[in-house]
Structure formats: C-alpha cells, structure tokens
Amino acid sequence: MKKVYVAGHRGLVGSATVRALAALESYEIITRTHDELDLSDRTATREFFMSQRPDYVIMCAAKVGGILANASFPVDFLHNNLAIQVSVFDAAHASGVERMIFLGSSCIYPRDCPQPIREDYLLSGPLEATNRPYALAKIAGVESCWSFNRQYRTRYLALMPTNLYGPGDNYHPDNSHVLPALMRRFHQARMNGDSSVVVWGSGGPQREFMYSLDIGDAIAFLLGLPDSDFGALTAPATAPLINVGVGEDVTIRELAELIKTTLSYEGDLVFDTTKPDGTPRKLLDVSRLHTLGWKAKTSLGVGLQATYEDFLRHHKA
Ligand SMILES: NC(=O)C1=CN([C@@H]2O[C@H](COP(=O)(O)OP(=O)(O)OC[C@H]3O[C@@H](n4cnc5c(N)ncnc54)[C@H](OP(=O)(O)O)[C@@H]3O)[C@@H](O)[C@H]2O)C=CC1
Ligand SMILES: C[C@H]1O[C@H](OP(=O)(O)OP(=O)(O)OC[C@H]2O[C@@H](n3cnc4c(=O)[nH]c(N)nc43)[C@H](O)[C@@H]2O)[C@@H](O)[C@@H](O)C1=O
C-alpha cells in the first residue's frame, strides 16, 4: 500500500483529495495541520519527510486567495508560496518521494492568451497584474517539477486547475474568490431583505468553474496512472504540466445570475466598477486530460446547489 502525504488537507482541494483517495482504500494517507507542521520551515519539513518517508505527495498547501487578496498582499502570495515550495521539493527529493503532484493555477498563463489555453502557452506573454506575484511563485513550482525531473529523474507533475469551488471553501467577504464571496453576499441579502447585491467589476470577465470534488477525483485518477503513463507525463524532455478544467466558462454576470437563482434571491445586481476585473478570460484546453481518460462530472448548476447546502450547514445566519 502506497503512503501518500496530502499537504494542505484541510483546504478546499486538500480535503477533496483526501476524500477521493480514502474512497479507493488503496492508500495510507498521512496529514499534518499548519499548526503541526509549517511547510515554510525547511528544517521541520525535511525532518517530517525523512521520518515519514511518503511514497507519494499531493502538494495542496499554499497561500491562496481571490483577486483583491492577491492585489493587497503581494509579498505574502510570492514569498509564502516560494518558501513552502522550496521546503517541500527539497524534502521530497531528499526522502526519495516516487511521485509528486504539485498544484498550480490557470493564472500562470499570459493574461491575453489565445483561448482555450494550451499547456504550451506557458511563458508566451505578460502576466495579469493583479496576481503576478502568485503566478510567478506557481511558475517557479512548475519549473521546480521540471528541473528535478531533468536533474534527478524524479516524477513530479504540475497540475494547472481552473477556478475551483465547493464544500469548505473560504467565504471571507474580501479575501475569497468570486463564487464563495457572491454566495455569502446573496445569502446575507436574502436574509436581510436587501433590494440589491454588489458584484465587483464589470461582470464581463469569463471564468471556468470546477467543483472541488471533481479536482479531488482528477488527482486520484492521475496519481493512480500506471508507471508508464505517469512516467510519460513527467519525462524530462517536456514541461510536466497538465490543465484541469471543465472545458466551458461563464461571464461573472452569468455566474451572479446563477447564484441568485440557486438562492432564490429576487433583488437586483449592482456592478462596482471601482473593483478590478482581472484577466478577461482563462478557459483551459483540457484535451490532454481527456485523452488520458478523465473528464469532470459535475455541472455548475449541480455543484452550486451542493455547495450552498454545505454553506448552510456551516454558516448559520
Ligand atoms: N481555490 C481555487 O480556486 C484554486 C486553487 N488552486 C491551487 O490549489 C491548491 C489548494 O488551494 P485551496 O485548497 O483552494 O487553498 P486553501 O486555502 O483552501 O488550502 C490551503 C491549505 O494550505 C495550508 N497551508 C498554507 N500555508 C501553509 C504552511 N506554511 N504550512 C502548512 N500548511 C499551509 C492552509 O492551512 P491554514 O489555512 O491553516 O493556513 C490550508 O489548509 C493551491 O496550490 C492553489 O494555488 C488552483 C486553482 C484554483
Ligand atoms: C483562482 C484564481 O483566483 C484569482 O483570480 P480571479 O480568477 O480573477 O479570481 P476571483 O475569483 O477573485 O475573481 C474573478 C472575477 O470575479 C469578479 N468578482 C465579482 N464579485 C466578486 C467578489 O465579491 N469577490 C471576488 N473575489 N471577485 C469578484 C472579480 O472582479 C473578477 O473579475 C487569482 O488572483 C488567482 O490567484 C487564481 O488563481
């Protein structure tokens, strides 16, 4: 039985990954909370890896946030992520980890990429300003996977997921991503009987949303690939990069309308154009993943309903 360390197991992606792997009953899963192990502490991280000797690592621990958090705390998004990554890559290599899956993000691609975005568009143009520090840290993570694979023949794979949402998301009013932020705002407006809800930006940007349990499933699928397939994805000759998305997107206005309907809210939308729009569009080309045999299962409508039910269980008004 392979021993898998899921870093960041209490987060949106980490919790979905543990759920997907546990259901398979073929892995021994190990976890540590942030309090138990600060992954930016290089010595402590190395000691943990050397004592636990995981076979596989899923790297879901990161400093994560929405457009405003990224713009407000650029040092945290750059330095925390770089520090965590250096520790984990160093410790994984030192302890002989067989396979690692590193989580990047679709924001690593140039701001004005052709759509849908293929893996080989990486570094083909300038980045979006609101999340450049975070994107650069994540690009360094991709480069770390590739460099270790070239220099040490490791098998480190970098996943580039689209925007994610689901049970246990961060619902902070300012620092979260758009979907949980709007879910909370529409919920509060309905509870308070407010006549309108503020949506940041113009409503025009397009985003692709994937349900977190689907990304957990995709990670379990990729981790379970036979050696020959996982080895091909991480072969030193090419960047070990794979997009994970659903293949279709919506405008922020359409998303807001969908949340409004899901929550049975009857007021108006008001667009606050003093807030940034960010990247105009970032639809991922997921043909590589489809060719391997994996597709997302959950529609946005179904995922929104399930997420709202989870929100109601955990956030009593
Ligand atoms: N959410 C999204 O829309 C997307 C996410 N991703 C990527 O997926 C990955 C997971 O994101 P997501 O699950 O949403 O993020 P979350 O913020 O939900 O989870 C991140 C987890 O990492 C932990 N963590 C952060 N810093 C440290 C540290 N120094 N030491 C130990 N643990 C730490 C956090 O613990 P604590 O809270 O206690 O600090 C938290 O449990 C990230 O790499 C992110 O970039 C990619 C695309 C989209
Ligand atoms: C996952 C991804 O997440 C971030 O990028 P982003 O996709 O731009 O993320 P976002 O979810 O915060 O915003 C999406 C769109 O939605 C609009 N919007 C409307 N109303 C609210 C609102 O209330 N909150 C937020 N956050 N956005 C809102 C907002 O103005 C923007 O046009 C990255 O920094 C990067 O780190 C990253 O990888």
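The values are calculated or read from the model by the stated rules, or taken from the named source; none is laboratory data. Bear in mind that the values here come from a model prediction, so they are computed numbers and not experimental data. In this analysis, Cβ positions are derived from the backbone assuming ideal geometry, glycine residues included, and neighbour counts consider all displayed protein chains. When the accessible area is computed, the model is the full protein with side chains, heavy atoms only, and any ligands, DNA or RNA have been set aside. Shrake-Rupley method; radii C 1.70, N 1.55, O 1.52, S 1.80 Å.
Within the stretch 221-232, work out how many residues are open to solvent by 10 Å² or more (accessible area, probe 1.4 Å) and either in contact (Cβ under 8 Å) with a residue 12 or more places away in the chain or among the charged types (D, E, K, R) (or both). Reasoning before the result, please.
Here is the first cut: in the stretch 221-232, the ones open to solvent by 10 Å² or more (accessible area, probe 1.4 Å) are 221, 224-229, 231-232.
Okay, now just the ones that are also either in contact (Cβ under 8 Å) with a residue 12 or more places away in the chain or among the charged types (D, E, K, R) (or both), so 221, 224-225, 227, 229, 231.
Selection size over the stretch 221-232: 6.
Considering only the stretch 252-269, I want to know if a residue exists there that is part of a loop (DSSP other than H, G, I, E, B), at pLDDT 95 or above, open to solvent by less than 30 Å² (accessible area, probe 1.4 Å) and over 30 Å from H172 (Cα atoms).
no
Each row is one residue, and each column tells you yes or no for (1) open to solvent by less than 20 Å² (accessible area, probe 1.4 Å); (2) more than 16 Å from ligand 2 (Cβ to nearest atom).
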{"site": "H177", "(1), (2)": "no, no"}
{"site": "S195", "(1), (2)": "no, yes"}
{"site": "W200", "(1), (2)": "no, no"}
{"site": "G203", "(1), (2)": "yes, no"}
{"site": "Q206", "(1), (2)": "no, no"}
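Restricting attention to the stretch 32-51, which residues are near ligand 1 (Cβ under 10 Å from one of its atoms) and of a type in the set (D, E, K, R)?
The first filter runs over the stretch 32-51 and keeps only residues near ligand 1 (Cβ under 10 Å from one of its atoms), leaving 32-41, 44-45.
If the condition is that a residue be near ligand 1 (Cβ under 10 Å from one of its atoms) and of a type in the set (D, E, K, R), then R32, D35, E36, D38, D41 are the ones that fit.
Run down I84, I101, I67 and say which single residue is within 14 Å of ligand 2 (Cβ to nearest atom) and at negative phi.
Working: I84 fails: within 14 Å of ligand 2 (Cβ to nearest atom); I101 fails: within 14 Å of ligand 2 (Cβ to nearest atom).
I67 is the lone residue from the list that is within 14 Å of ligand 2 (Cβ to nearest atom) and at negative phi.
Those residues that are among the hydrophobic types (A, V, I, L, M, F, W, C) and either open to solvent by 70 Å² or more (accessible area, probe 1.4 Å) or within 16 Å of ligand 2 (Cβ to nearest atom) (or both), I need them from the stretch 20-48; list them, please. Please lay out each step first, then the result.
We begin by selecting, within the stretch 20-48, every residue among the hydrophobic types (A, V, I, L, M, F, W, C); these are 20-24, 29-30, 37, 39, 44, 48.
Correct list: A23, L24.
Considering only the stretch 270-317, state which residues are in a helix (DSSP H, G or I) and buried (at least 18 other Cβ atoms within 10 Å of the Cβ).
L289, L300, G303, L304, T307, F311
Restricting attention to the stretch 10-19, which residues are surrounded by fewer than 23 Cβ atoms within 10 Å (Cβ to Cβ) and either in a loop (DSSP other than H, G, I, E, B) or within 16 Å of ligand 2 (Cβ to nearest atom) (or both)?
R10, G11, L12
Kindly check whether there is at least one residue in the stretch 55-67 that is more than 14 Å from ligand 1 (Cβ to nearest atom) and touching a residue at least 24 places away in the same chain (Cβ under 8 Å).
In the first step, residues of the stretch 55-67 are kept if they are more than 14 Å from ligand 1 (Cβ to nearest atom); the result is 55-56.
Okay, now just the ones that are also touching a residue at least 24 places away in the same chain (Cβ under 8 Å), so 55-56.
Yes; the residues of the stretch 55-67 include at least one that is more than 14 Å from ligand 1 (Cβ to nearest atom) and touching a residue at least 24 places away in the same chain (Cβ under 8 Å).
What number of residues within the stretch 179-193 satisfy the criterion of being under 22 Å from the mean Cα position of the chain (by Cα) and open to solvent by less than 50 Å² (accessible area, probe 1.4 Å)? Write out each step before concluding.
Filtering the stretch 179-193 down to residues under 22 Å from the mean Cα position of the chain (by Cα) leaves 179-184.
In the following step, the residues that additionally are open to solvent by less than 50 Å² (accessible area, probe 1.4 Å) were identified as 179-183.
Looking only at that region, the number is 5.
If you take the residues in the stretch 87-120 that are of a type outside the set (G, A, S), assigned to a loop (DSSP other than H, G, I, E, B) and open to solvent by less than 30 Å² (accessible area, probe 1.4 Å), which one is nearest to ligand 1 (Cβ to nearest atom)? Steps first, answer last, please.
Of the residues in the stretch 87-120, the ones of a type outside the set (G, A, S) are 88-90, 93, 97-103, 107-120.
Retained after the next criterion (residues that are assigned to a loop (DSSP other than H, G, I, E, B)): 97-98, 109-116, 118.
Restricting the remaining residues to those that are open to solvent by less than 30 Å² (accessible area, probe 1.4 Å) gives 97, 109-110, 113.
Details: V97: 17, Y109: 12, P110: 16, C113: 16 Å.
Only one residue fits best here, namely Y109.
For (1) part of a strand (DSSP E or B); (2) in contact with a Ser or Thr (Cβ under 6 Å, 6 or more places away or on another chain); (3) within 16 Å of ligand 1 (Cβ to nearest atom); (4) touching a residue at least 12 places away in the same chain (Cβ under 8 Å), each residue gets a yes or a no:
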residue	(1), (2), (3), (4)
V142	no, no, yes, yes
Q151	no, no, no, no
L159	yes, no, yes, yes
P167	no, no, yes, yes
N175	no, no, yes, yes
P180	no, no, yes, yes
Q188	no, no, no, yes
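Starting from the stretch 191-211, keep only residues that are among the small types (G, A, S), then list their pairs with residues that are within 16 Å of ligand 1 (Cβ to nearest atom) and open to solvent by 50 Å² or more (accessible area, probe 1.4 Å) whose Cβ atoms are within a distance under 9 Å, requiring at least 6 positions of separation or different chains.
No pair meets every condition.
Give the number of residues within the stretch 144-175 that are out of contact with any Gly (no Cβ under 9 Å at 6 or more places or on another chain) and open to solvent by 50 Å² or more (accessible area, probe 1.4 Å).
The total comes to 6.
Got a sec? Which of N163, N149 is under 14 Å from the mean Cα position of the chain (by Cα) and at pLDDT 95 or above? Full working, then the answer.
Details: N149 fails: under 14 Å from the mean Cα position of the chain (by Cα).
The unique qualifying residue is N163.
Any residue in the stretch 49-63 that is under 17 Å from the mean Cα position of the chain (by Cα) and open to solvent by 40 Å² or more (accessible area, probe 1.4 Å)?
Step one: of the stretch 49-63, the residues under 17 Å from the mean Cα position of the chain (by Cα) are 57-63.
Still in the list and also open to solvent by 40 Å² or more (accessible area, probe 1.4 Å): 63.
Yes, the conditions are met somewhere in the stretch 49-63.
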